[in-house]
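Only one structure is covered here, and it is reproduced in the block below.
All of the numbers you see were taken from the coordinates with simple rules; none came from a lab. Since the model is a prediction, treat every value here as computed from it, not as a measurement. Cβ atoms come from the backbone with ideal geometry, glycine included; neighbour counts cover every protein chain shown.
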C-alpha cells in the first residue's frame, strides 16, 4: 500500500482525494491545511484522522510515503523540497513554482533525494490527449511546426488567492496559460524554447459589477483584491523552427468564452479541444477524421483519475512520471519569459 498525505484542502484537492480513495493500492493517511475548521471538516468527510495545521509537522510522519501538494502557487516549491528531503514522493499541482530559481531548486532536490516528483499537468492525462499522442508518435502528423491555443474567459476571475500576485505568481497566464503551453509543447515533442515575445494587459479588473452572469469564485473571494493581469498572449519560438501562439484571459470584452488547442504538422493536423478531430490528406483530398471513441472532449474528472493512478504506479514501481520535474522547469522558463517580455516590451531569449 502507498500511504498518501494531501496538503491543502481547497477545491482542487478533491480531484486528488477521490481518485486516491478509489485506488486499491493507496491508503489516504493524512491531511494538512492551515484553516483548522476546513481541515476538520475534510478529515471527517474522508475518514482521515491524522490532521496537521503545519506541513512541516506532517513531514515528520514516517508512515507517509507520498504527498499531493494542492496549495497556493507560491508554496509549491518550498513544500515540494521539504517533502523530497523528508523522503516522500511528490505530486505537485501546476505550476511547479513561481520562478525559475525555485523550479531549479526543486529539480536539485529531486536529484539528491532520488524520489519521484510528478507535475500536475493534468491535460497530458486526458483520454483524448492520450489517443492523439499515439497517432503523433506514429508520425501521422509529421513535423508539428505550429500550434495555437486559446483559453479566453470573458468573466472568469476567481478572485481570492488566484488574483493575489504574491500567492499566485500571476493571473490567467499562471492559472490557464500553464495548461495551454504545456499541452501544446508536450504534443509537439517538447522542443527546446529559444525565444518568447509576450504581452499582458490589466484593463478590466475582476468585473465584479457584472450582473446576471455567474462564474467560479475561490473560497476566499474578495472583489477588492486583484493585482494580476486580465489577459496575456505570447509567441514562443523553438529550436527546431516550430512556434506556438497562446492567449488566455480571466476577463475580456468577448462575446463568449473560447477554448481550443490546435496542432499543425506537415503531414496532418489536429484539434484536442474542444473536441478531438484530426486532419489528413488521402487521394488528393483533405479529410477531417473523427475518432470513434466514447468521449472526444477533455474529461476533467477522468483526467485527474488517470493522473493520480499514474503517480501511484510510478511511486510503487519506480517509473519515470509522464510529467517529470524537468518539464516543470522548462514550462516555468516559458511562463517567466512571457512576463519579462511584457514588462520590458522586448523579445526574451532563453
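Here, segment 16-76 has an Rg and a Dmax of 11.5, 32 Å when only alpha carbons are counted.
The calculated Kirkwood hydrodynamic radius for segment 1-125 is 14.4 Å, given to one decimal from all distinct C-alpha pairs.
With both residues required to sit in segment 6-146, DSSP beta bridges show an antiparallel share near 0%. Extent of segment 62-201 along its three principal axes (Cα atoms, max minus min coordinate, largest first): 47, 38, 30 Å.
Among 15, 121, the ranking by other beta carbons within 10 Å of each residue's beta carbon, starting with the fewest, stands as 15, 121. For the chain, modelled as a GNM whose springs connect Cα atoms under 10 angstrom apart, the maximal fluctuation among 108, 14, 24 occurs at 24. For the chain, adding -39500 (n - 2.57) for each run of n ≥ 4 DSSP H residues and dividing by the number of residues yields -9500 deg cm²/dmol at 222 nm.
Which part of segment 136-177 falls in the paramagnetic zone of residue 347, meaning amide N under 19 Å from the point 7 Å along Cα-to-beta-carbon? Counting only backbone N, you get 145-148.
What percent antiparallel are the DSSP beta bridges of the chain, to the nearest 5? Restricted to the chain, the bridges split so that about 60 percent are antiparallel.
Only beta bridges with both residues in segment 1-87 are counted; by DSSP, about 0 percent of them are antiparallel. Descending by average beta-carbon neighbour count within 10 Å, the peptides 97-104, 131-138 line up as 97-104, 131-138, the highest first. Tell me, rounded to the nearest percent, the portion of alpha carbon pairs in segment 257-350 spaced more than 21 Å apart. Summing the P(r) tail past 21 Å for segment 257-350 gives 62 percent.
You can think of it this way: the chain between residue 112 and residue 218 has 34.5 nm of extra reach, that is 0.36 nm per residue less the Cα-Cα gap. Shape of segment 216-255 from the C-alpha gyration tensor: prolate (a/c of 1.5 or more and a/b above b/c, with a ≥ b ≥ c the square roots of its eigenvalues). Computed from the C-beta positions of residue 50 and residue 240, the FRET efficiency with R₀ = 45 Å rounds to 0.40.
Largest first and in whole Å, the equivalent-ellipsoid semi-axes of segment 90-137 read 26, 12, 10, each the square root of five times a Cα gyration tensor eigenvalue. For the chain, the longest principal axis of the Cα atoms and the long axis of helix 100-113 meet at an angle of about 60 degrees.
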